[in-house]
1. Which Cα, out of Gly34, Trp102, Ile12, lies furthest along the positive dipole direction of the chain (beta carbon charges, K/R +1, D/E -1)?
2. Dividing the convex hull volume of the alpha carbon atoms of the chain by its residue count, what do you get in Å³ per residue?
3. Taking the chain as a Gaussian network, where each spring joins two C-alpha atoms under 10 Å apart, which residue of Leu55, Leu78, Leu45 fluctuates the most?
4. Helix-only mean residue ellipticity at 222 nm, the chain, DSSP H runs n ≥ 4 weighted -39,500 (n - 2.57), per residue, nearest 500. What is it?
5. With every protein chain left in place and a probe of 1.4 Å, what is the accessible surface of Asp96, to the nearest 10 Å²?
6. Evaluate the distance, in nm, between pseudo-label points positioned 7 Å from the Cα of Arg51 and of Tyr76 along their respective Cα→Cβ axes.
7. Quick one: which residues, 5 or more positions from Ala24 or on another chain, have an amide H under 5 Å from its amide H? H modelled 1.01 Å from N in the peptide plane, none for Pro or chain starts.
8. Could you sort out which of Lys13/Lys85; Lys52/Lys99; Lys16/Lys99 sit more than 25 Å apart by Cα distance in this structure?
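The values are calculated or read from the model by the stated rules, or taken from the named source; none is laboratory data. Treat the numbers as computed from the prediction; the structure is a model and nothing was measured. All Cβ positions, glycine included, derive from the backbone under ideal geometry; neighbour counts span all protein chains shown. Side chains included, ligands, DNA and RNA excluded: accessible areas come from the protein's heavy atoms. Shrake-Rupley method; radii C 1.70, N 1.55, O 1.52, S 1.80 Å.
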Amino acid sequence: MIEYSDFSKKVIKLIKSIPKGNVATYGLIAKLAGRPQGSRGVGWLLHSSTRKHHLPWQRVIKSGGKLSFPEGANAYFLQKELLEKEDVIFLNGRIDLKKYLWKKITLF
């Protein structure tokens, strides 16, 4: 059985808290979880635990408002489609973070 660190537990809780129609960046999740330099850890956790924890992975994006995958990749189109179903609008391949960035600050 995998024992998750406090950081990992917080990351999972935060990702599950992102409401439909909003996004969060890897860096924001890492900062809120107490490790401002831990964005790669957030990415690793998404990669390894999305299915197990039913994480809404599509809501976590890069800091510039771009999706996590290269344009043209199947995962890119899937992430874009899932976000568009949540009424997130893309302009020139980016998401307007002023409009869609999750603003709720969760304290642990």
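1. Gly34
2. 99
3. Leu78
4. Rounded to the nearest 500, it is -13500 deg cm²/dmol.
5. The accessible area of Asp96 comes to roughly 70 Å².
6. My value for the distance between the label points is 2.5 nm.
7. Result for Ala24 returns Val60, Ile61, Trp102.
8. Lys52/Lys99
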